[in-house]
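See structure below.
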Amino acid sequence: MIGTGEVVAAGAKVVKNAAGYDTCRLVTGSRGTLAVITEVTFRTRPRARSQTHLAFRVPDADASVHAVRSLSSVQADTAYMAVVGRGATEGPFTLLVGVSGTTGHVQSVTRNVRSLVASGNPSAVEHDPALSDEEAETGRTILHGINAGAAIRVILPPDEAHHAIPKLASHGEEWVWLPRSGIVAARTRPGDPARDASFVSRLATEWPPPTSRLWLRLPDTHAGLVPVFGGYESALPLIRAIKCAFDPVGVLSPGRLAGAL
């Protein structure tokens with residue numbers, strides 16, 4: 001339901017539906033600023049018959065980049081790939097790789113992943129699955145800004161995202177890099193307001209537009225002073241026009257919109 005009270009349906013029951021504007025994603029990504037979602041239909045997939053989670057410790061940032069690049073030939077066969085780090089760029093970092101599907105597929109891809117990591121990164125050491133689960137949960141919380149004093153998520157071209165790691169690692173305490181999507185996120189742990197403020201101040205001034213960035217959490221000292229979104233300044237007139245079309249009288253949540261909206 002949009003701000004005028006009109007009920008609008010988006011999406012379709014077919015797999016491919018490219019006619020018109022993608023209002024489904026627009027409304028979903030607006031976080032309640034354009035409409036109230038009252039009904040959702042999900043497409044489900046069969047649960048994978050087999051899955052494996054691998055964790056490799058790599059000594060530094062360069063090694064993590066080499067490890068990811070060495071897996072480029074099997075990247076499409078993996079369920080996910082992530083690098084989790086703590087503190088500065090010297091490491092050690094954790095490379096996480098997940099594989100799911102049929103038993104034969106999982107066994108084949110797992111062998112290839114281990115072989116490629118070992119041949120291209122002699123310093124990488126595989127750890128037990130318990131580390132994989134622990135680091136994967138850490139990566140998820142960083143990605144969503146959970147349990148953070150300050151947190152940021154940046155989206156870059158996948159082949160350029162690793163350049164963001166030194167900057168984020170030098171200011172934040174924990175970070176995660178998703179090589180397949182080009183997403184890098186970092187956070188500070190709560191309890192040190194001075195560090196949180198420094199983290200936000202430095203990245204707010206050092207990160208140039210048009211980088212797509214989203215502040216997931218801001219300390220009280222910066223709330224309302226730092227645009228939550230970054231890199232969208234040129235799109236503000238269009239964003240305002242869309243907001244006005246969906247919510248002309250401003251009855252919906254102003255939400256986390258770009259700039260001064």
Once you compute Rg and the Kirkwood Rh from C-alpha atoms, what is the Rg to Rh ratio for region 99-172? 1.04
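Please order F246, F199 by the number of other Cβ within 10 Å, starting at the fewest. Don't skip to the end; give the middle numbers.
Working: F246 20, F199 27.
Listed from fewest to most nearby Cβ atoms, that is F246, F199.
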Among V8, V99, V109, rank each residue by its count of other Cβ atoms within 10 Å, from fewest to most, as a rough exposure measure. V8, V109, V99
Determine the distance separating the Cα centre of region 184-200 from the Cα centre of region 33-70; give it in Å without decimals. 25 Å
Could you work out how far apart the two model spin labels at R49 and L238 are, taking each label as a point 7 Å from the Cα in the direction of the beta carbon, and quote it in nm? 4.5 nm
Quick note on C244, C24, ordering by fewest other C-beta atoms within 10 Å, gives C244, C24
Quarter of Cα convex hull surface for region 66-199, i.e. mean projection, nm²: 8.2 nm²
Add -39500 (n - 2.57) for each DSSP H run of 4 or more in the chain, then divide by its residues: what number comes out at 222 nm, to the nearest 500 deg cm²/dmol? -9500 deg cm²/dmol
Compactness ratio of the chain: Cα Rg over 2.2 N^0.38 Å, N = residue count? 1.14
Hey, in the GNM for the chain with a 10 angstrom Cα cutoff, which one of L143, L34, L238 fluctuates hardest? L238
Between G182, G32, G139, find the one with the highest GNM mean-square fluctuation for the chain; connect C-alpha pairs within less than 10 Å. G32
Express the Stokes-Einstein translational diffusion coefficient of region 53-125 in µm² s⁻¹, to the nearest whole number, given a Kirkwood radius over alpha-carbon pairs, 37 °C and a viscosity of 0.692 mPa s. 268 µm²/s
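Bear in mind that the values in this text are calculations on the coordinates, not laboratory data. Just so it is clear, the structure is predicted and the values come from calculations on it, not from any experiment. Ideal geometry is used to build each Cβ from the backbone, glycine not excepted, and the neighbour counts take in all protein chains shown.
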